[in-house]
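Colleague: Below you will find the structure I want to go over with you.
The values are calculated or read from the model by the stated rules, or taken from the named source; none is laboratory data. Just so you know, these numbers come straight off a predicted model, no measurement behind them. Here the Cβ is made from the backbone with ideal geometry for all residues, glycine too, and neighbour counts use every protein chain on show.
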Amino acid sequence: MIKKIILFVAIATYLGDGIVPVTAYAAEGPTINNKTLRIEHDEQAGTISVFRAGEKVPILTQNAREDTRPYIHPIVAPDGKGVLTEYRPKHHLHQTGLYWGLKLVNGRDYFMNWQGDYWRRVSATVLRKKGEEVRWQTVYDLIDEKGTTILTETQNWSMQEHDGKYLLDLEWKGKAHIDINLGKFYVGGLFIRMPWKPGNKGEVVNAVGQKDKEAEGQRAIWADVGIQVEGRDDLAHIAMFDHPDNRAFPTPWRVDNELGVGPSVQILGDWKIQKGQTETIRYRLIAYTGDLKDAGLTQQWKEFVRAY
């Protein structure tokens, strides 16, 4: 049975000026079925791969090479039918699956540029190798034209699989080595590129019901992108959740013409991190397949907020 849920007043308050409460759907009485996962770290290849226990093909791969921006690709659909990420498509060669890239960092562009003259690996570490939740960390320096570190970013990732859905949590920390100004721009931060082709069915929906380009630059507690990837008759989805402790919550979202999606503080204007300070931002992603209404995204967003 599907039950309609209207958000509490407290959540409506989070949504800010002119943004109405969300209506979402959730299944009654879910049965939790947690999968045991394991990580294999190939230091020579620069990969951290997540497997289900007893399986030989990874369901997610973190790429953490020495001289390339870290990114996650591929992510295999939870039911094994199709790949949910795309690496450097012809229409956006700089987009590398699931990644974090900032624009105009003291005038320098770490979103369009992923090479070693912008990024330098400090470490890639497995934090929890096996269990119902696995964890890993990447640490990279963002370097200037002279190779000097201006910002160190740490990405702490965790992954679980519940009832045929992946839960992927990110804690991003940016430590400034000099005064940092991130200029106003329409994109910058976490971004997901799912496989998009002209004519394929696909849709972006945010928590206030705006779709596709209507959602561009709009503030919402979550956004969901669903695309009919190769090998599927229905849509594969990745939902992204904002957190109330994040700067500028609810954050505005970038939605490009090919359904690339990401929350971006930089849409609102200049964002500063003073020398010696560390900015912390949290997001959750949920990968699933099928009907968006049945996902219960707002209820899952509440659970994410309660957990952190």
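Colleague: Here are some residues: GLY199, GLY209. Which one is small (Gly, Ala, Ser) and closer than 21 Å to PRO252 by Cα?
Modeller: Within the list GLY199, GLY209, the selection yields GLY209.
Colleague: Return the total of residues in the stretch 83-121 being crowded, with 20+ Cβ neighbours inside 10 Å and in contact (Cβ under 8 Å) with a residue 60 or more places away in the chain.
Modeller: Going through the stretch 83-121 one residue at a time, the tally reaches 14.
Colleague: Next question, about the same structure. Output yes when any residue across the stretch 289-305 is crowded, with 18+ Cβ neighbours inside 10 Å and of a type in the set (Asp, Glu), and no when none is.
Modeller: Taking every residue of the stretch 289-305 in turn, none turns out to be crowded, with 18+ Cβ neighbours inside 10 Å and of a type in the set (Asp, Glu).
Colleague: Still on this model: Give me a count of the residues in the stretch 191-225 that are touching a residue at least 60 places away in the same chain (Cβ under 8 Å), assigned to a loop (DSSP other than H, G, I, E, B) and either among the small types (Gly, Ala, Ser) or touching a helix residue (DSSP H, G or I) at 6+ places or on another chain (Cβ under 9 Å) (or both).
Modeller: The qualifying residues number 5.
Colleague: Which one is modelled with the highest pLDDT among residues in the stretch 63-85 that are more than 21 Å from ASP224 (Cβ to Cβ) and among the acidic types (Asp, Glu)?
Modeller: GLU66
Colleague: Which of (1) closer than 24 Å to ILE48 by Cβ; (2) free of Cβ contacts under 8 Å to residues at least 24 places away in the same chain is the odd one out, the single condition ILE238 does not satisfy?
Modeller: (2)
Colleague: When you go through (1) surrounded by fewer than 15 Cβ atoms within 10 Å (Cβ to Cβ); (2) out of contact with any Phe, Trp or Tyr (no Cβ under 9 Å at 6 or more places or on another chain) one by one for GLY164, which number turns out not to apply?
Modeller: (2) is the only condition that GLY164 fails.
Colleague: Considering only the stretch 79-169, give the strands (runs of 3 or more DSSP E) lying wholly within it that have at least 1 residues that are among the charged types (D, E, K, R) and closer than 22 Å to ILE267 by Cβ.
Modeller: It comes to 149-162.
Colleague: I want to confirm something. Restricting to the stretch 239-264 and keeping residues that are in contact with a Phe, Trp or Tyr (Cβ under 8 Å, 6 or more places away or on another chain) and not in a loop (DSSP other than H, G, I, E, B), which single residue is surrounded by the most Cβ atoms within 10 Å (Cβ to Cβ)?
Modeller: Among residues in the stretch 239-264 that are in contact with a Phe, Trp or Tyr (Cβ under 8 Å, 6 or more places away or on another chain) and not in a loop (DSSP other than H, G, I, E, B), the one surrounded by the most Cβ atoms within 10 Å (Cβ to Cβ) is PRO263.
Colleague: What do you reckon, is ILE72 over 20 Å from the mean Cα position of the chain (by Cα) and surrounded by 16 or more Cβ atoms within 10 Å (Cβ to Cβ)?
Modeller: The answer is no for ILE72.
Colleague: Report whether or not TRP301 is in contact (Cβ under 8 Å) with a residue 12 or more places away in the chain, part of a helix (DSSP H, G or I) and under 17 Å from the mean Cα position of the chain (by Cα).
Modeller: yes
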